[in-house]
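Okay, structure first, notes after.
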Protein chains: 2
Amino acid sequence: MAPQQEEDRFLAAYDPRAFDPIAVTVDVVALTLREGALHVLLVRRGAPPFEGAWALPGGFVRAGRESLGEAAARELAEETGLDAADGLGRVHLEQLGSYGRPERDPRMHVVSVAHLAFAPDLPDARAGSDAAAAAWISVVELEPGWQPDAADPRPNEQGRRSGAHGGGPGRRPEGPELAFDHAGILADGLDRARSKIEYTPLATAFLGEEFTISELRAVYEAVWGATLHAGNFHRKVLSVPGFVESTGGTATHGSVRGGPRARLYRAGDARLLHPALLRPDREETVR
Amino acid sequence: MAPQQEEDRFLAAYDPRAFDPIAVTVDVVALTLREGALHVLLVRRGAPPFEGAWALPGGFVRAGRESLGEAAARELAEETGLDAADGLGRVHLEQLGSYGRPERDPRMHVVSVAHLAFAPDLPDARAGSDAAAAAWISVVELEPGWQPDAADPRPNEQGRRSGAHGGGPGRRPEGPELAFDHAGILADGLDRARSKIEYTPLATAFLGEEFTISELRAVYEAVWGATLHAGNFHRKVLSVPGFVESTGGTATHGSVRGGPRARLYRAGDARLLHPALLRPDREETVR
DNA sequence: TCGAGTTCTTCTCACATTGAGTAATTCTCT
DNA sequence: AGAGAATTACTCAATGTGAGAAGAACTCGA
């Protein structure tokens, strides 16, 4: 090790404040279903940099006063209008990953700890204190080159962006540009969400307390952007132990377009789905 | 939002330095195989707090000068003696997660971005500048209540610690105590490693350029702590597209205890295993 | 009110994958 | 040379999946 590095480390071990500071923020990729489509919570920035641009909700972690998860829950509550008593307890919140390229914020070195949230359909967002607006935006408008099968009959061969930390210029022909590296964080969050519902029962976090198998299937179809075989999905959900349990009840109406009244279920006690409920046709993405 | 919070946020948006600082560090859970057993790289702390205790290698991120991944690679290189030219390029390094409970470091609020590394068998570790020692320690000594099937004939019904952020007192009857919350980070890293080799070909990162199917099976057995059916494993590895590709060569010797010379393979071009190579008997851990 | 169309739920069948066991062959060690 | 073990390739049964079909229940419009 070079002498300069060694001295840096010596100082750091005793007084980290001798260094230039690094700011720590949390950002939240909050997903929900509205009218059958996947939406993400965004805020419009009210101050530079990126003033006027859409961004993920987030903010600085309060030093010495909160953990990362608490900070994320606080930021999410500020934009959704929910608090712990209100219904944030029904929201799934997990850590997604941290983003710390030195140049990702023009002001200073900022490390952002991104989180991922799954929420049932919530009321319209309200802007927090430092945002000009907050809204649920359909992810279809934000993801270039990605369309749900069901919503777009054109075949789409180009596939999705592969890894994390992508995001070169000129790859976003439609939808608003996101501030900072938030487009990459959103892409990572969507990747994680699409994987997570394969191995966990968290798709139920997008629904209310009671739901039908068809509503659960609609969650998978919206998140994956693929249509699923209704009969096979039904068989699979009921065969995985602990995924759902029957309430004994029945929906009060049939579907809008007809059909019998479906039975109602609630989330079961499984934390992992075994065997998993895998996405169809994943061979292409394997290499 | 309370007025005080609002003012905090206003200030933070323009000058984060007005806050108490949060330090950002990286820690690395570096895993390797030595003599058929899974080992993790630890350093012995040379300064308080936790002076003399074992800890994960890590250190402060250099503000404005490096990304999180670069910082983790640097810290790993300092303890392993490898650099980019040397062989660190053959090490798999990924982000594991961030840990930011305010009280996790008694000195100040420190957010640590943990990373996970898979390395082929490396030479003995050397202590970095601020460590009193560095060594590869068998994880069997560090994980209470967990023993490989193959190494321990006693049945073990109690199962592993379930979630992250565990680590209450009195649960570690053997092995050294780790500093800070590093026991929890290590547990999360082992969880991640055990999952990761199910869905990715990263088990090959523990091996040299060329390897036999049996050596690959030994990796799975060491990481999972379970014995696998040799015939089924062989069939599975060769049937998953892109997992391994034949070199055409053959091992120069048979195994130490006899048997024919095995054929040699190298890692294929797949980034995901499809279908996955799932751990046996996971039903217990599902709820 | 009736009929068309849709949905919910359950089957059936073909096919792929897995777990368990067997066996031929080749090598090391004593 | 013989015992023991590893490599590799089989077989067979059990399980899970994709695709399709079908009956019953329901909504909507004629």
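What follows is calculated from the coordinates using simple rules that are stated; it is not laboratory data. What you see is a predicted model, and the numbers here were worked out from it, not measured in a lab. Here the Cβ positions follow ideal geometry from the backbone for every residue, glycine too, while neighbour counts run over all protein chains shown.
Couple of notes before you dig in:
- Seen from A:Tyr265, the other residues with C-beta closer than 11 Å to its C-beta sum to a net charge of -2, counting Lys and Arg as +1 and Asp and Glu as -1.
- In sequence order, calculated HN-Hα J values of region A:210-225 (Karplus, 6.51, -1.76, 1.60; Hz; x Gly/Pro): 10, 7, 9, 4, 5, 5, 5, 5, 4, 4, 4, 5, 6, 6, 7, x
- FRET efficiency for B:Met108 and A:Arg261, using Cβ-Cβ distance with R0 set to 45 Å, rounded to 0.05: 0.15
- Remark on A:Val244: its backbone amide H falls under 5 Å from those of A:Gly268, a criterion applied only to residues 5 or more positions apart or on other chains, H modelled at 1.01 Å from N.
- Amide H partners (placed H, <5 Å) of A:His92, local residues excluded: A:Phe118
- Intensity falloff of region A:194-287 expressed as log10 I(q)/I(0), Debye formula with alpha-carbon point scatterers, at q = 0.12, 0.22, 0.23 Å⁻¹: -0.37, -1.19, -1.29
- Positive-end extreme of charge dipole, region A:176-223 - chosen from A:Leu178, A:Val223, A:Ile213 (charges on Cβ): A:Ile213
- At R0 = 25 Å, FRET efficiency that the Cβ-Cβ distance of A:Asp124 and A:Glu209 yields, to 0.05: 0.70
- Taking every alpha-carbon pair under 8 Å whose residues sit at least 6 apart, region B:59-122 reaches a relative contact order of 29 percent.
- Mean separation of Cα contacts under 8 Å (6+ apart) over length of region A:184-253, as relative contact order %: 24
- HN-Hα J in Hz across region A:271-280 - Karplus 6.51, -1.76, 1.60, θ = phi - 60°, x for Gly and Pro: 9, 9, 8, 9, x, 5, 9, 7, 4, x
- If the chain linking B:Glu94 and B:Arg282 were pulled fully straight, counting 0.36 nm for each residue of separation and taking away their Cα-Cα distance, it would gain 65.2 nm.
- Using 0.36 nm per residue and subtracting the Cα-Cα separation, the extra length available between A:Glu177 and A:Ala133 on full extension is 14.3 nm.
- Estimated vicinal HN-Hα couplings, Hz - region A:119-136 in sequence order (Karplus 6.51, -1.76, 1.60; Gly, Pro = x): 10, x, 4, 10, x, 3, 5, 10, 6, x, 5, 9, 10, 7, 6, 9, 7, 8
- Between B:Ala133 and B:Arg44, the built amide H atoms are under 5 Å apart, and every one of these is 5 or more places off in sequence or on another chain.
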